[in-house]
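Structure, as structure tokens:
The values are calculated or read from the model by the stated rules, or taken from the named source; none is laboratory data. Computed from a prediction, not measured in an experiment: that's the story for all the values here. Every residue, glycine as well, gets a Cβ built from its backbone with ideal geometry; the counts of neighbours run over all protein chains shown. We work out accessible area using only protein heavy atoms, side chains counted, and drop any ligands, DNA or RNA first. Shrake-Rupley method; radii C 1.70, N 1.55, O 1.52, S 1.80 Å.
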Amino acid sequence: MKQEHRVKENTMAKHHPELDILMEHAAGSLSLAQSACVSAHLNYCDCCSQTVQRLQAVGAAMFESLDPEPVGDALLDRVLARLDEEPPLSYQPAQRSGQDATPALLSRLMAGDFSDLVWKKVTEALRITPIRTGDPQFEFSLLHIKAGGEIPPHDHRGSEMTLVLQGGFSDDRGSYHPGDFIYRSANEVHAPRAFADEDCLCLAVIDAPLRFTGWKYRWMNPFLRLQAG
Ligand SMILES: [Zn+2]
């Protein structure tokens, strides 16, 4: 019931991935962690889901129009060998199965089940729990910001994707609610503040640790480590 309510509410997501991110997602060339974050947004957003479906159809049509290339036995052996490899994260169809079924883990998080996660306190207002995805390059974590709490001003030594799951936050560029997707590239400084009336839960995918820019928190920078994998 709760899940249905969220999905309906979130068809009104106002902040979406740029087309290049949707294209990379449709082509399967995004990293696993980033792709999971985009998939979570698609579960909230019919508009982006339809765009991805169209892009996949275009991609399939282009692929079919290519002339076949002969391949040797060695390549076939390598492909068959890979079929036996263990997938790093088990994706099970979500209840609302569509073109982009949400991974079981995300469905659980989006339904508000955070009971068995271990939270690490970063500041008074911010707690983080990294989640293992098997992606060697990107950290995939859940952020909890207390109602009214601010994440100190920081930039990103790399990129950051954020998806709001509960509550919401605002920064100098706007206000973000459940289902909203925010992308920040390296060196963009911001200081998100959770809405005053509700704790905020977000997914965040980063490929380098945050870097606090204010004097009060800069001492922490050398201790911030990426928890990818
Ligand atoms: Zn969207």
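Starting from residues that are open to solvent by less than 10 Å² (accessible area, probe 1.4 Å) and part of a strand (DSSP E or B), keep the ones in segment 171-181 and report whichever is nearest to the ligand (Cβ to nearest atom). By that ranking, first place goes to F181. Considering (1) at pLDDT 90 or above; (2) among the polar types (S, T, N, Q); (3) within 16 Å of the chain's Cα centre (by Cα), the lone condition that Q227 does not fulfil carries the number (1).
For first residues located in segment 49-76 and more than 16 Å from the ligand (Cβ to nearest atom), partners that are of a type in the set (G, A, S) and lie 6+ apart or on another chain with Cβ distances below 8 Å form the pairs G59/A26; G59/A27. Annotation note: Cβ proximity below 6 Å between a residue of segment 195-208 that is part of a loop (DSSP other than H, G, I, E, B) and a residue that is open to solvent by less than 20 Å² (accessible area, probe 1.4 Å) (sequence gap 6+ or interchain) occurs for F195/G167; F195/G168; E198/G167; D199/G167; D207/F138; D207/G158; D207/S159; A208/G158. Restricting segment 183-200 to residues that are in contact with a Pro (Cβ under 9 Å, 6 or more places away or on another chain) and within 14 Å of I145 (Cβ to Cβ), the residue that is surrounded by the fewest Cβ atoms within 10 Å (Cβ to Cβ) is A191.
If the condition is being assigned to a loop (DSSP other than H, G, I, E, B), buried (at least 17 other Cβ atoms within 10 Å of the Cβ) and at pLDDT 90 or above, then segment 139-161 contributes only G149.
Among the residues in segment 4-12, are any away from the ligand (no atom under 16 Å from the Cβ) and either modelled with pLDDT under 90 or open to solvent by less than 100 Å² (accessible area, probe 1.4 Å) (or both)? Looking for residues that are away from the ligand (no atom under 16 Å from the Cβ) and either modelled with pLDDT under 90 or open to solvent by less than 100 Å² (accessible area, probe 1.4 Å) (or both), one finds at least one in segment 4-12, hence yes. In this structure, G229 does satisfy being in contact with a strand residue (DSSP E or B) (Cβ under 9 Å, 6 or more places away or on another chain) and not assigned by TED's automatic domain parsing to the domain that holds L30.
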